[in-house]
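*Asks:* Pasting a structure here, questions to come.
A short reminder: the numbers here are calculations on the coordinates, not readings from a lab. Model, not experiment: these values are computed from the prediction. Glycine also receives a Cβ, built like all others from the backbone with ideal geometry; neighbour counts cover every protein chain displayed.
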Amino acid sequence: MQDLGETVQNLSHRRKITISSEKIENAFNKKLIDISKKIHIDGFRVGKVPMNIVIQRYGSSVRRDIINNMMQYHFLQSIHKENINLVGNPIYIPDHYEAGSNLTYSVEFEVSPTIELNNLHAIEIENPVVKITEEDVDSMLNIMRQHKAIWKESHAGANIDDKLTIDFKGWIDEKEFKGNQASNFVLVIGQNKLIQDFEKSLIGHKKNDIFDVSIQFPPNYSVDYLKGKLVTFKVFVKKVETCELPEITSKFISSLGVKDGSIATLREKITENIKIEIQNKNYNYIKLQILNALLKNNQKCKVPPVLLKQEIKNLREQANKEFNENKMNISEKMLSNQAKVRIIINLLLCEIIRYYKIKVDEKQLHDQINKEACLYEKPAKLIEFYAKNQDLMDNMRNYLLEKQAINTILNEAHVTEKSMNFKEFMQNVDNYKFDMSLID
């Protein structure tokens with residue numbers, strides 16, 4: 001094999017490789033001999049079929065398979081020697097081949113960006129310390145009541161926390177735009193499922209009201225063609241519903257899984273749930289801080305185009321499933337940004353795992369599954385469910401790999417604890433985002 005070098009453009013590479021005709025023909029002839037020993041053709045005993053008939057029947061497909069396999073083998077062998085980290089599937093482009101002549105072929109492929117784990121001790125991480133108060137428990141209890149609320153149709157004007165079913169259609173300068181309408185769209189006023197000013201315009205309107213409203217979209221709105229635009233909507237209110245919150249009785253408490261129906265036990269359970277939520281959100285908050293810091297150390301991190309294309313496709317399919325009922329459209333830029341975040345996070349975590357040789361053994365895996373199973377009424381069923389589902393096992397293994405990777409960097413970084421209340425904590429972690437300016 002002869003490697004004829006390569007051309008490079010960012011993360012996209014093109015390499016030329018030559019394979020000798022002797023190698024190809026030797027493999028070709030060996031395969032034909034193997035076939036001739038096994039095939040059944042009328043008029044000939046097994047193993048006695050003339051080679052010219054074998055070649056006539058199988059020659060083209062065998063040579064094609066031999067060439068494809070050799071192109072793949074020699075290319076992968078060459079990049080393995082150079083420790084090149086491939087992403088996506090290479091594209092093999094063979095020149096015309098004739099027996100007796102060497103085969104030259106090109107390979108187009110993409111590689112992972114180079115990520116360096118430098119100056120980890122200089123990474124500054126904020127670790128929130130949260131105190132849970134009785135007011136926090138009261139607030140969570142009220143949310144639980146809302147989840148059990150009974151919705152009743154109302155003929156009064158809509159107000160905050162009322163549920164509406166609406167049809168709407170929008171225009172910009174009297175022209176329709178992509179995603180400008182929806183039918184039977186359900187929202188609760190105040191939950192900001194739609195732009196805030198639009199939800200406010202619904203207040204006071206009753207069932208069967210039809211009205212126009214003009215909304216000025218902010219310049220930083222997520223959908224490009226709506227940024228800074230004045231949009232006029234025609235809205236039809238199909239239904240207004242108000243909610244009745246259940247009284248906090250022993251029956252209500254029992255419906256939440258508290259067997260003794262005691263308010264004290266319920267409040268203890270809520271406190272434990274808040275602690276778990278803080279733990280989970282704090283982990284993600286610290287993870288994002290670490291990933292942003294690593295990105296800063298690596299300046300502009302490029303996203304491999306082949307991975308970006310595939311991830312955008314995955315996100316679009318997911319969005320179409322989730323929003324199919326309301327026919328909402330998501331901008332290409334939003335999908336692209338989400339895809340870039342997912343890819344870069346995965347690349348960073350993979351590099352940490354590779355660099356520190358992080359592994360998860362079977363004991364760690366089963367210990368974590370047992371730990372999660374203890375949170376359920378029937379732990380054995382959950383453990384059995386995991387054992388029968390390889391995808392779930394793989395997801396758990398990946399979670400443990402990620403957690404070890406984050407903790408490894410956290411041990412190297414400079415960590416500062418900061419006291420805050422639960423509300424402040426939730427605002428901080430929910431508003432902290434992946435820094436898109438660090439991705440090229």
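*Asks:* Can you bin the stretch 61-113 into rounded, prolate or oblate? Criterion: square roots of the alpha carbon gyration tensor eigenvalues sorted a ≥ b ≥ c, rounded for a/c under 1.5, prolate for a/b above b/c, oblate for the rest. Please report the intermediate quantities before stating the final value.
*Replies:* Numbers: a/c = 2.38, a/b = 2.20, b/c = 1.08.
Prolate.
*Asks:* Under 22 Å between C-alpha atoms is the cut-off here; go through the stretch 2-111 and count lysine pairs that meet it, provided they're at least eight residues apart or on different chains.
*Replies:* 9
*Asks:* Aspartates and glutamates within cross-link reach of residue 296: Cα-Cα under 19 Å, excluding same-chain residues under 8 positions apart?
*Replies:* 116, 124, 126, 351, 412, 435, 440
*Asks:* Identify the residues of the stretch 284-315 with backbone N under 13 Å of a label point that sits 7 angstrom from the Cα of residue 322 along the Cα-to-Cβ direction, or state none.
*Replies:* Residues 314-315 fall inside that zone.
*Asks:* Would you mind computing Rg(Cα) / (2.2 N^0.38 Å) for the stretch 2-111, counting N as its residues?
*Replies:* Numbers: Rg = 17.4 Å, N = 110, 2.2 N^0.38 = 13.1 Å.
In units of the globular-protein estimate, the stretch 2-111 measures up at 1.33.
*Asks:* Please identify every one of the trypsin sites (Lys or Arg not before Pro) in the stretch 332-421 that sits in a loop by DSSP and has no more than 13 other beta carbons within 10 Å of its own beta carbon.
*Replies:* Within the stretch 332-421, the qualifying trypsin sites (Lys or Arg not before Pro) (loop, at most 13 other Cβ atoms within 10 Å) are 357, 359, 388.
*Asks:* Could I ask something else about it? Springs between alpha-carbon atoms under 10 Å, Gaussian network over the chain: tell me which of 181, 364, 146 tops the mean-square fluctuations.
*Replies:* Its mean-square fluctuation being the largest, the pick is 364.
*Asks:* Quote the FRET efficiency, to the nearest 0.05, computed for residue 29 versus residue 9 with a Förster distance R0 of 30 Å and r equal to the Cβ-Cβ distance.
*Replies:* Efficiency at R0 = 30 Å is approximately 0.15.
*Asks:* Let me ask something additional. Against the globular-protein guess of 2.2 N^0.38 Å, express the Cα radius of gyration of the stretch 150-244 as a ratio, rounded to two decimals.
*Replies:* Relative to the rule-of-thumb radius for its length, the stretch 150-244 sits at 1.08.
*Asks:* Using 10 Å bins from zero, what percent of all Cα-Cα pairs in the chain falls into each bin?
*Replies:* For the chain, the pair-distance distribution reads 3, 13, 17, 21, 19, 12, 7, 6, 2, 0.
*Asks:* Please report the antiparallel percentage of the DSSP beta bridges confined to the chain, to the nearest 5.
*Replies:* Restricted to the chain, the bridges split so that about 85 percent are antiparallel.
*Asks:* Which aspartates and glutamates, if any, have their Cα less than 12 Å from the Cα of residue 206, not counting same-chain residues under 8 positions apart?
*Replies:* Counting by Cα, and skipping residues close in sequence, residue 206 has these aspartates and glutamates nearby: 153, 162, 241.
*Asks:* Turning to a different aspect of this structure: Stretched out fully, how many nm does the piece from residue 398 to residue 435 gain, at 0.36 nm a residue minus the Cα gap?
*Replies:* Result for the pair: 11.0 nm of gain on full extension.
*Asks:* What is the distance, in nm, between label points placed 7 Å from the Cα along the Cα-to-Cβ direction at residue 364 and at residue 156?
*Replies:* A separation of 5.7 nm, rounded to one decimal place.
*Asks:* Here is a further query. Under the definition of Cα pairs under 8 Å and six or more residues apart, what whole-number percent is the relative contact order of the chain? Walk me through the numbers on the way to the answer.
*Replies:* On the way: 586 pairs, mean separation 80.2, N = 440.
This gives 18 percent for the chain.
*Asks:* Let me ask you something else. Straight-line reach from residue 388: which lysines fall under 25 Å, measuring Cα to Cα and dropping same-chain residues less than 8 apart?
*Replies:* Those lysines meeting the cut-off are 359, 363, 371, 378, 403.
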